Structures are given as C-alpha cells and as structure tokens.
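Visitor: One structure follows; several queries about it will come next.
The values are calculated or read from the model by the stated rules, or taken from the named source; none is laboratory data. Remember, it's a predicted structure, so these values are computed and weren't measured experimentally. With ideal geometry, Cβ positions are generated from the backbone for all residues, glycine too; neighbour counts draw on all protein chains shown. Keep in mind that these areas ignore ligands, DNA and RNA; they rest on the heavy atoms of the full protein, side chains included. Shrake-Rupley method; radii C 1.70, N 1.55, O 1.52, S 1.80 Å.
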Amino acid sequence: MTWQLDHIILSLVIILALGAITVKDLLGAAILFGAYSFMMCLLWAIMGAVDVAFTEASVGAGVSTVFFVAAVFRTTRRTKD
Amino acid sequence: MNDLVAVLISKYNYWVYIILMMIGFYAIITKKNLVKKIIGMNIVQTAIILFYISIGAKKGATLPIISHGHDAVGHAVHASDYINPLPHVLMLTAIVVAVATLGVALALAIKIYRQYNTLEEDEIHTRIREQ
C-alpha cells in the first residue's frame with residue numbers, strides 16, 4: 001500500500017514540476033508550485049522524516065506560495081514562456 | 001545484468017531526484033521569465049532535499065524515538081530499527097535557507113520590474129542597451 005502511494009506521489013511530483021515551469025500564466029505557475037511543495041511534504045511524511053514534512057508544509061507550501069502570489073500581484077501575470 | 005536492472009529499479013527515489021534536478025536546471029537556463037527562473041531554482045533545492053532524505057530512509061524502520069529512553073539499562077538499541085535522523089536535521093536548515101533565498105530573489109525581481117517595466121530577460125537586455 002505504502003509502496004504504491006510512494007510511486008503515485010513521485011510521479012505527481014514530476015508532473016507538477018513540469019506543469020509549473022510550462023504554464024503560460026505566472027499565477028497558475030505559483031499555485032502549481034504550491035501543489036508541488038505539498039506533494040513533496042507528503043513524500044517526506046511517508047519516508048519517515050516527519051519534522052522535515054512539518055517544516056515543508058508550513059514554510060515551503062505556505063510562505064513560498066504567499067511570496068509568489070504577492071510578487072505576481074506586484075508585477076505582472078503575463079509571461080512569454 | 002538482471003542484478004543491475006533490479007538495483008536500478010529499486011533506487012527509484014534517486015531517479016526522481018535526477019529528473020527533478022534536470023527539470024530545475026532546464027528552467028533556470030532556458031526560460032526567459034525571471035519568476036520562472038526562480039521557480040526552477042526552488043525545484044533544484046527541493047530535489048537536493050529529496051536526495052538527502054532518501055539517504056536517511058530505511059525499509060522497515062521507525063521514527064528515531066527510543067521508547068525505553070529513561071531507564072535503558074536492560075534494553076539494547078538496534079540502529080537498523082530507526083531511521084537516520086542526521087540528514088533530516090541538515091535539511092531543516094536547507095528549507096529555511098531556501099525560503100530566505102526565495103524572498104531575496106523575488107524582491108530583486110520586483111525591483112527590476114519597477115525599473116524596466118518587464119520581467120522578460122531579453123526585453124530587459126534591449127532596454128539596458130537603449131539607455
């Protein structure tokens with residue numbers, strides 16, 4: 001069970017990373033990066049690193065996404081690639 | 001040959017680490033947008049954290065909390081029963097450093113946008129050359 005969950009989350013991580021760098025909207029890229037960070041946090045909770053998972057859930061998925069959204073609202077959503 | 005393939009398949013965490021690191025470097029090198037470059041930098045950082053956590057993980061092991069810690073006279077502690085906590089502690093520091101570099105990079109991107117009114121690298125270069 002845990003083995004299969006591991007594989008699903010590892011493939012989701014790769015898909016979300018590719019989506020975050022290919023989507024043509026910076027706000028969408030920020031939200032996809034937040035989902036990527038949350039999948040990483042689940043992966044570390046599965047691998048037994050609970051302290052790292054806590055820190056990643058608060059700092060990586062929380063504060064980083066807020067930083068990205070704030071920066072996108074202060075600049076522009078338009079991107080060419 | 002079959003042993004080699006079995007070893008390569010069983011270390012799938014490291015393959016995902018390599019793929020994520022290449023995705024991050026690709027974003028840093030080829031994307032023109034500054035926010036996309038910063039996202040690529042963060043993907044590289046999380047890939048390195050994944051590599052270190054994979055070093056410490058063990059199959060069939062539990063969290064590194066000893067259940068008979070205070071009167072541990074009659075109990076032996078087997079290291080193979082517990083996950084190695086040293087990479088976890090190192091990576092806690094790395095996550096904090098990652099969010100600090102992210103804040104500095106986004107602040108620089110906002111200053112560049114106020115100066116040149118764009119986030120694309122090629123347009124910034126043409127505007128610097130025009131001045």
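Visitor: Using the Cα centre as the reference, give the magnitude of the dipole from point charges on the C-beta atoms of the range B:1-106 (Lys, Arg: +1; Asp, Glu: -1; all else neutral), rounded to the nearest 20 debye. Could you put the intermediate results ahead of the total?
Guide: Numbers: 7 positive and 3 negative charges, 133 e Å.
Once rounded to the nearest 20, the dipole reads 640 debye.
Visitor: Where does the charge balance sit around A:Ala20 when Lys and Arg score +1, Asp and Glu -1, over other residues with C-beta under 14 Å from its C-beta? Walk me through the intermediate numbers first.
Guide: Values: positive: A:Lys24, B:Lys31, B:Lys36, B:Lys37; negative: A:Asp25, A:Asp81.
After counting each charged neighbour, the total is +2.
Visitor: Express the C-alpha Rg of the protein assembly as shown as a ratio against the empirical globular expectation 2.2 N^0.38 Å, rounded to two decimals. Kindly include the intermediate steps, with their values, before the conclusion.
Guide: Values: Rg = 20.2 Å, N = 212, 2.2 N^0.38 = 16.8 Å.
Normalised Cα radius of gyration, the protein assembly as shown: 1.20.
Visitor: So what is the 222 nm mean residue ellipticity for the protein assembly as shown from helices alone, if each DSSP H run of at least 4 adds -39500 (n - 2.57) and you divide by all residues, rounding to the nearest 500 deg cm²/dmol?
Guide: Numbers: 9 runs with 151 residues, N = 212.
Value at 222 nm, helices only: -24000 deg cm²/dmol.
Visitor: Can you compute 3J(HN,Hα) from phi for each residue in the range A:73-81, using the Karplus curve 6.51 cos²θ - 1.76 cosθ + 1.60 with θ = phi - 60°, rounded to whole Hz and x for Gly and Pro?
Guide: Ordered by residue, 3J(HN,Hα) equals 6, 7, 10, 8, 8, 6, 8, 8, 10 Hz.
Visitor: What per residue convex hull volume, in Å³, comes out for chain B when only alpha-carbon positions are used? Before the final figure, lay out the partial values.
Guide: Values: hull volume 16.8 nm³, N = 131.
With only Cα atoms used, chain B gives 128 Å³ per residue.
Visitor: From the convex hull of the Cα coordinates of the range A:2-74, what is the mean projected area in square nanometres?
Guide: Values: hull surface 18.1 nm².
Averaged projected hull area, Cα only: 4.5 nm².
Visitor: In Å² (nearest 100), what accessible area is buried between B and A, both sides summed, heavy protein atoms only, 1.4 Å probe?
Guide: Working: alone 9800 and 5570 Å², together 11650 Å².
Summing both chains' loss of accessible area gives about 3700 Å².
Visitor: Further question: How many percent of Cα pairs in the range B:1-43 exceed 13 Å?
Guide: Working: 529 of 903 pairs.
Counting pairs separated by more than 13 Å, the tail of P(r) holds 59 percent.
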